[in-house]
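Undergrad: Before I ask anything, here is the structure I am working with.
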Amino acid sequence: MVILLSAATIFVSRGTKSIETISAQVPAPSVEERDPVHLAPPFREFVQFMEQELDSTNTVGAAFTIVHGGEVVYTGTYGVREKGSLKEVDEHTLFRMASVSKGFAGVLASILEQDGAFSLNDRVVEHYPGFLLKDSVNTADLTIRNLLSHTSGLVPYAFDNLVEADQDLPTIIERLDEVDISAPPGELYGYQNVMFSMLDPIVRRATGIPYQELLQERIFNPLGMTDASAGPVDMDRNPNLAYPHVRTKKGYTALHLHEGYYNVLPAAGVNASISDMGSWLLALLGYKPEWMSDTVLNNISTPVIYTPLKWQYTRYWKPFRERYYSLGWRIYNYQGRQIVYHGGYIRGYRAEIAFCPSEDVGIAFMQNSPNNLASRCVPTFIDLFLE
């Protein structure tokens, strides 16, 4: 059944599971021209792959978007916001971005540096009075760039246990002098959520504006990301939220909404819809030059540190060795191209985003019922496109 929603949207319904196709910046074509069969071959094959896999994995709710050549060429929504509900996922349904939030932090920090609020090479002690680590050299030499590239020298995932225990960020930062040091700043990659999220108090001190308000003012509003937010969702303002689910022996079970990792906003605090993510990808590919300069784009796409990732993180990609981290983004030199990528997981949610500047293409995927499709969708898309 096909229902015409507007001049720019066709909605194809399959019970409680749906696929939307959205055309951007062009006159509304006919229904036939919107059908995935009329997409360019790599996009058509990918949409078919996603429809099959979303069904076979029993995904509760998901959404994905593809951008290419300066426009959103396809957006798909699937399933429901909560198992047992009839409320379908649509292009404005909010999902948690988890660690995909780090990419927003890297861009915001680069914008603020360009504004003169601070330099990424500033030492953290200059912006956080009383800051103390276990080693005096790391305390003195640690920079904002080290925070955002996971090169602080602290052992990986320092104090994530306290994050998961819902302790507030300032309290956790006060205990960082208890954490073991692996190397001086800048020498080793060690993934962090607490250290990364020190950007929050640093930007507040530098600008006088809370982190979530800066995201709204400098990123969400200029890009027209009307659904996006940081921190716990205000359900009175926007009840269109995908609930988290976990897999059990009896299938997926819905969880209550939880605030896990909202205490580390730069690392994991963004909520967004698939409509928002299409706008975000277009900006990352350079289609908002008045808002995101070449300097900012170069900052986030320039490798800072080599990352010897475990095989399971890239097991669905064809073999490659060159894997780096920049500022809230992973950089893969893959099949002769640079892929800028990040994934995210938090209990009940998965999110993925990737773009290839040289090919002018990008993809985002969100899911409220995590399974391995999240790990497979980006490399499948990249391989189909490059082939």
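The values are calculated or read from the model by the stated rules, or taken from the named source; none is laboratory data. Just so you know, these numbers come straight off a predicted model, no measurement behind them. Virtual Cβ from ideal backbone geometry, glycine too; neighbours counted across all protein chains shown.
Undergrad: Which members of segment 183-208 meet the condition of being loosely packed, with under 15 Cβ neighbours inside 10 Å and part of a loop (DSSP other than H, G, I, E, B)?
TA: Glu187, Gly208
Undergrad: Moving on to the next point. Any idea how many residues of segment 257-277 are closer than 23 Å to Asn221 by Cα, free of Cβ contacts under 8 Å to residues at least 60 places away in the same chain and surrounded by fewer than 24 Cβ atoms within 10 Å (Cβ to Cβ)?
TA: 1
Undergrad: Does Val47 satisfy the criteria of being touching a Pro at 6+ places or on another chain (Cβ under 8 Å), more than 19 Å from Met198 (Cβ to Cβ) and not in a strand (DSSP E or B)?
TA: Yes: the conditions hold for Val47.
Undergrad: Let me ask something else. Residues that are under 20 Å from Phe43 (Cα atoms), modelled with pLDDT of 95 or more and not charged (D, E, K, R): does segment 322-334 have at least one?
TA: yes
Undergrad: Same structure, new question: Among the helices (runs of 4 or more DSSP H) contained in segment 79-182, which hold 3 or more residues that are under 30 Å from Gly278 (Cα atoms)?
TA: Hits in segment 79-182: 101-115, 144-148.
Undergrad: If Asn58 satisfies every condition in (1) within 22 Å of Arg376 (Cα to Cα); (2) at pLDDT 95 or above; (3) of a type in the set (S, T, N, Q) but one, which is the exception?
TA: Among (1) within 22 Å of Arg376 (Cα to Cα); (2) at pLDDT 95 or above; (3) of a type in the set (S, T, N, Q), the lone unmet condition for Asn58 is (2).
Let's see how each residue does on (1) polar (S, T, N, Q); (2) surrounded by 14 or more Cβ atoms within 10 Å (Cβ to Cβ); (3) under 17 Å from the mean Cα position of the chain (by Cα):
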position	(1), (2), (3)
Gln312	yes, no, no
Tyr316	no, yes, no
Pro319	no, no, no
Glu322	no, no, no
Gly328	no, yes, yes
Tyr334	no, yes, no
Gln338	yes, yes, no
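Undergrad: I need a count of the residues in segment 225-246 that are surrounded by fewer than 15 Cβ atoms within 10 Å (Cβ to Cβ) and touching a residue at least 40 places away in the same chain (Cβ under 8 Å).
TA: 2
Undergrad: Within the bounds of segment 33-48, is there any residue that is crowded, with 24+ Cβ neighbours inside 10 Å, on the phi < 0 side of the Ramachandran plot and at pLDDT 95 or above?
TA: yes
Undergrad: Another question, then. Considering only segment 282-306, how many residues are in a loop (DSSP other than H, G, I, E, B), modelled with pLDDT of 95 or more and either buried (at least 18 other Cβ atoms within 10 Å of the Cβ) or in contact with a strand residue (DSSP E or B) (Cβ under 9 Å, 6 or more places away or on another chain) (or both)?
TA: Number satisfying all stated conditions: 5.
Undergrad: Continuing with the same structure: Inside segment 122-181, can you point out the residues that are farther than 22 Å from Leu327 by Cα and of a type in the set (Ser, Thr, Tyr)?
TA: Within segment 122-181, Ser136, Thr171 qualify.
Undergrad: Which condition from (1) surrounded by fewer than 16 Cβ atoms within 10 Å (Cβ to Cβ); (2) under 14 Å from Ala267 (Cβ atoms); (3) in contact (Cβ under 8 Å) with a residue 40 or more places away in the chain is the one that Leu147 breaks?
TA: (1)
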